[in-house]
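**Q** This structure is in structure tokens; I'll ask about it shortly.
The values are calculated or read from the model by the stated rules, or taken from the named source; none is laboratory data. Values in this document were obtained by computation on a predicted structure and should not be read as measured data. Please note that ligands, DNA and RNA were not included when accessible areas were found on the heavy atoms of the full protein model with its side chains. Shrake-Rupley method; radii C 1.70, N 1.55, O 1.52, S 1.80 Å.
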Amino acid sequence: MMSGTWFVLILLCLLMYVVLDGYDLGIGIATLFERDAGHRFETIEYVARAWDGNETWLVLLGVSLWAGFPLAFGTVLPHAYLPLIVRLFSLIVRGVAVEMVSQAPPGTRWQRAFGIASLAAALAQGFTLGTLTDSDRVYAGTDFGWPAQPRSGSRRPTPTPTSRSSGALTTIAA
């Protein structure tokens, strides 16, 4: 019963994050192609109103996965370190850019940083999805006396065709 509750909470957080932040990522990527600086400013200000709430779903997702399924969290996370770190830095740049566009004098540097970080975040999200759903099998050693168990995920540190295609599709969908 308890694992079912955690599973539903994790799915809810994932769904809310993908829907709400996917919209923000799409707006951010669209600012790269917008010629009018005033319209870019308005769209980024629109994102600024709800940006913090959207990222909260991602934090709640990570904490829920860690608390509800620690073995899955410990198994899955090492296979996705690189795209998750890129995603984290992209989210940091997006947050700083949103605040700087609001506070700094009008300019395109922070608006461009917001768009590029949105593109990088969407790509990293797709790479993470592709890495975690890759069909390779990873076998864990015998840590602390536990027998080796097959675990799914990619062993390769380089992007696989699955992760590349997932990154492209996620970016297109955003």
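**Q** Going from most exposed to least, what order do MET2, MET100 have by accessible area with a 1.4 Å probe?
**A** Output order, biggest surface exposure first: MET2, MET100.
**Q** Right, something else. Reported to two decimal places, what Rg/Rh ratio describes segment 2-95 when computed on Cα atoms with Rh from the Kirkwood expression?
**A** 1.06
**Q** Report the accessible area of LEU82, computed with a 1.4 Å probe over the heavy atoms of all protein chains in place, in Å² rounded to the nearest 10.
**A** Here the residue's solvent-accessible area equals roughly 120 Å².
**Q** Hey, another quick one. Round to the nearest 10 and report in Å² the accessible area of TYR46, as given by a 1.4 Å probe over the protein chains' heavy atoms.
**A** About 110 Å², rounded to the nearest 10.
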